[in-house]
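Taking it in order: structure first as structure tokens, then the write-up.
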Amino acid sequence: MRADWRPVAGALIALAVWEAVPRAGLVSSTDLPPVSSVFRVLVREAGTGEYWSAIGDTVWAWLLGLLIAAAAAIGLGFALALVPAVRAFTTSSVEFLRPIPSVALIPLAVIVYGTGLGSTLLLVVYAAFWQIYVQVLAGVADVDPVADETARSFRFGRWGRIRHVTWPSALPYVLTGVRLGAAVALILAVTAELVIGAPGLGQQIAVARSGTEPALVYALVFTTGVLGVLVNVGVRTGERRLLCWHASVRREVPV
Amino acid sequence: MRVVRWFLLPIVLIGVWWAASAGGRNFFLPTPPAVAKAFGPTWTWPTIRADVVPSVVRLLVGFAIAGVAGVLLGLAIGSSARLRAYTEPVLEFLRAVPPPVLVPVVMLFAGIDDTMKITVIGFGCVWPVLLNTIEGVRAVDPVLGEVCRAYRIGRLTRLRTLVLRGASPQIMTGLRQALAIAIILMVISEMFAASSGLGFTIVQFQRSYAIPEMWTGIILLGLLGVVLAGLFGLAERVVLRWYFGLRRSGRGAQ
């Protein structure tokens with residue numbers, strides 16, 4: 001098979017346009033610096049510890065928030081699956097709390113946690129929790145009744161049924177929720193840093209904006225984009241690895 | 001019984017809030033009556049007109065621009081394999097940029113007025129719409145496309161009755177994701193740089209330690225999110241009535 005060069009060409013065209021537009025004077029180069037100067041700044045920043053520790057702060061807040069949200073959502077979702085009677089009572093609260101935009105909590109986060117990691121975590125966990133929780137509920141409800149009854153007639157206990165029937169059939173849903181939650185968590189992590197001033201890439205962008213070097217703003221924005229791509233690719237790879245046994249991922253071996 | 005099921009947990013939660021805040025031990029957590037009492041004087045009609053209405057208008061304008069642009073671009077890119085191959089990596093990258101970082105970037109161009117906020121909202125919301133439209137157009141049944149061609153159905157009619165219709169479930173999914181992002185961007189653009197608006201007002205309350213008023217702002221923002229999500233759900237039910245009907249009859253046939 002011949003290599004497809006068109007995606008590469010597309011990316012190069014986009015970079016060339018970015019370089020040409022400010023050079024031709026279509027936009028002022030203080031508003032949009034040419035890509036070459038942005039990359040020069042990026043290379044310079046990559047040599048500093050500040051840049052990498054900002055990335056580390058953002059990634060840490062993202063990862064920790066996502067883990068807390070996933071643990072809470074999975075724990076609560078499975079606990080409610082055991083007692084369907086209780087679940088009916090929670091529907092109204094879920095329907096009301098879920099659409100509340102997590103940024104509404106920003107002032108609360110500032111007042112309670114100040115500008116530390118706690119503020120970021122509050123927003124990240126709130127936003128990611130609902131994404132995962134809704135999927136967990138859907139997954140738990142989707143268990144094949146025949147499989148469940150088979151396990152029952154083999155005298156699997158309650159714990160055994162959860163472990164061997166409910167968990168594997170809900171896992172694809174859970175991972176979809178984690179994938180959606182991971183993207184939202186990154187958005188909220190950067191938001192908290194940008195608006196509240198918690199340490200991380202967002203805070204660096206806010207600082208760079210008030211400085212005199214627009215190329216630095218673009219270099220940092222570019223970094224968040226790279227981080228976003230890595231998160232997407234990483235989560236998707238992990239999902240495929242964990243679901244290698246599932247019909248949606250499994251491919252028949254060609255003969 | 002349904003009424004009990006619907007209201008029991010919210011009542012319990014408010015009760016817990018009340019118990020935790022009673023006696024004024026916690027300065028940051030006012031009692032529910034204190035917040036309720038602050039709501040009326042804080043959000044009078046003049047304040048709503050000055051701060052809430054402009055915010056909502058900006059949100060809707062940005063969302064509408066993103067919706068139209070996303071669907072049109074998505075139709076173009078989705079129906080051309082060549083265009084898709086060229087644009088894919090660029091779109092993947094632009095989508096991955098967390099939209100809030102656009103606020104400082106767009107401020108470089110457009111200052112801090114309405115144009116900036118609408119641009120930020122539009123630019124941030126367009127990606128879910130665009131990518132979902134592309135996926136939706138790609139997934140349209142190829143046999144139906146050939147049937148259209150065999151019956152010599154015109155390009156425009158085919159676009160309207162087959163492609164747009166067939167992709168509409170995915171387009172609505174994209175629009176729903178975009179709406180959530182639009183609310184986030186509206187609030188952030190106002191918190192970051194503005195002199196009016198819902199986000200701005202809430203941050204003002206927080207900075208002046210007007211705690212019950214701040215809570216009313218949070219609640220109002222939450223209500224706005226709930227109302228918008230509810231309206232979107234209604235619109236979706238109208239637009240996708242054929243689709244939900246199809247799925248229901250498909251399930252019944254099994």
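The values are calculated or read from the model by the stated rules, or taken from the named source; none is laboratory data. The structure displayed is predicted, hence computed values, not measured ones. Quick reminder, even Gly has a Cβ in these numbers, built from the backbone with ideal geometry, and neighbours come from all protein chains shown. Remember, those area values only see protein heavy atoms, side chains included, never the ligands or the DNA or RNA. Shrake-Rupley method; radii C 1.70, N 1.55, O 1.52, S 1.80 Å.
Residue by residue through the range B:119-173, note down the ones that are of a type in the set (D, E, K, R) and open to solvent by 60 Å² or more (accessible area, probe 1.4 Å).
Selection gives B:Glu135, B:Arg138, B:Asp141, B:Glu146, B:Arg149, B:Arg152, B:Arg155, B:Arg160, B:Arg165.
Please specify each residue of the range A:54-89 satisfying the condition of being closer than 30 Å to A:Gly202 by Cα and open to solvent by less than 20 Å² (accessible area, probe 1.4 Å).
If the condition is that a residue be closer than 30 Å to A:Gly202 by Cα and open to solvent by less than 20 Å² (accessible area, probe 1.4 Å), then A:Ala54, A:Thr58, A:Ala61, A:Gly65, A:Leu66, A:Ala69, A:Ala70, A:Ala73 are the ones that fit.
Yes/no matrix, rows are residues, columns are (1) more than 9 Å from chain A (Cβ to nearest Cβ); (2) over 17 Å from the mean Cα position of the chain (by Cα):
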residue	(1), (2)
B:Ile181	no, no
B:Ala193	yes, yes
B:Gln206	no, yes
B:Glu213	yes, yes
B:Leu221	no, no
B:Trp242	yes, yes
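So which residues in the range A:15-45 are under 30 Å from A:Ala192 (Cβ atoms), at pLDDT 90 or above and of a type in the set (A, V, I, L, M), if there are any at all?
Listed by number, the residues that qualify are A:Val35, A:Val38, A:Val41, A:Leu42, A:Val43.
From the list A:Val184, A:Val190, which residue is within 19 Å of the chain's Cα centre (by Cα), β-branched (Val, Ile, Thr) and more than 7 Å from chain B (Cβ to nearest Cβ)?
One residue alone meets the criteria, A:Val184.
Tell me the residue from A:Ala71, A:Ala104, A:Ala128 that is small (Gly, Ala, Ser), under 30 Å from B:Gln206 (Cβ atoms) and in contact (Cβ under 8 Å) with a residue 12 or more places away in the chain, please.
Step by step, each of A:Ala71, A:Ala104, A:Ala128 is checked, and only A:Ala128 is small (Gly, Ala, Ser), under 30 Å from B:Gln206 (Cβ atoms) and in contact (Cβ under 8 Å) with a residue 12 or more places away in the chain.
Under 30 Å from B:Ile14 (Cβ atoms), in a helix (DSSP H, G or I) and at pLDDT 85 or above: does that describe B:Ala235?
No; evaluated as a whole, the condition is false for this residue.
If I ask for residues that are more than 8 Å from every other protein chain (Cβ to nearest Cβ), at negative phi and either of a type in the set (A, V, I, L, M, F, W, C) or open to solvent by 20 Å² or more (accessible area, probe 1.4 Å) (or both), which ones from the range A:99-125 would you list?
The answer is A:Ala109, A:Tyr113, A:Thr115, A:Gly116, A:Leu117, A:Gly118, A:Leu121, A:Leu122, A:Leu123, A:Val124, A:Val125.
Looking only at the range B:203-219, which residues are open to solvent by less than 30 Å² (accessible area, probe 1.4 Å), farther than 11 Å from B:Thr42 by Cα and either of a type in the set (A, V, I, L, M) or at pLDDT below 85 (or both)?
B:Val203, B:Ile211, B:Ile218
Could you check, for the range A:25-39, whether at least one of its residues is without any contact (Cβ under 8 Å) to a residue 60 or more places away in the chain, out of contact with any helix residue (DSSP H, G or I) (no Cβ under 6 Å at 6 or more places or on another chain), among the polar types (S, T, N, Q) and within 12 Å of chain B (Cβ to nearest Cβ)?
Yes.
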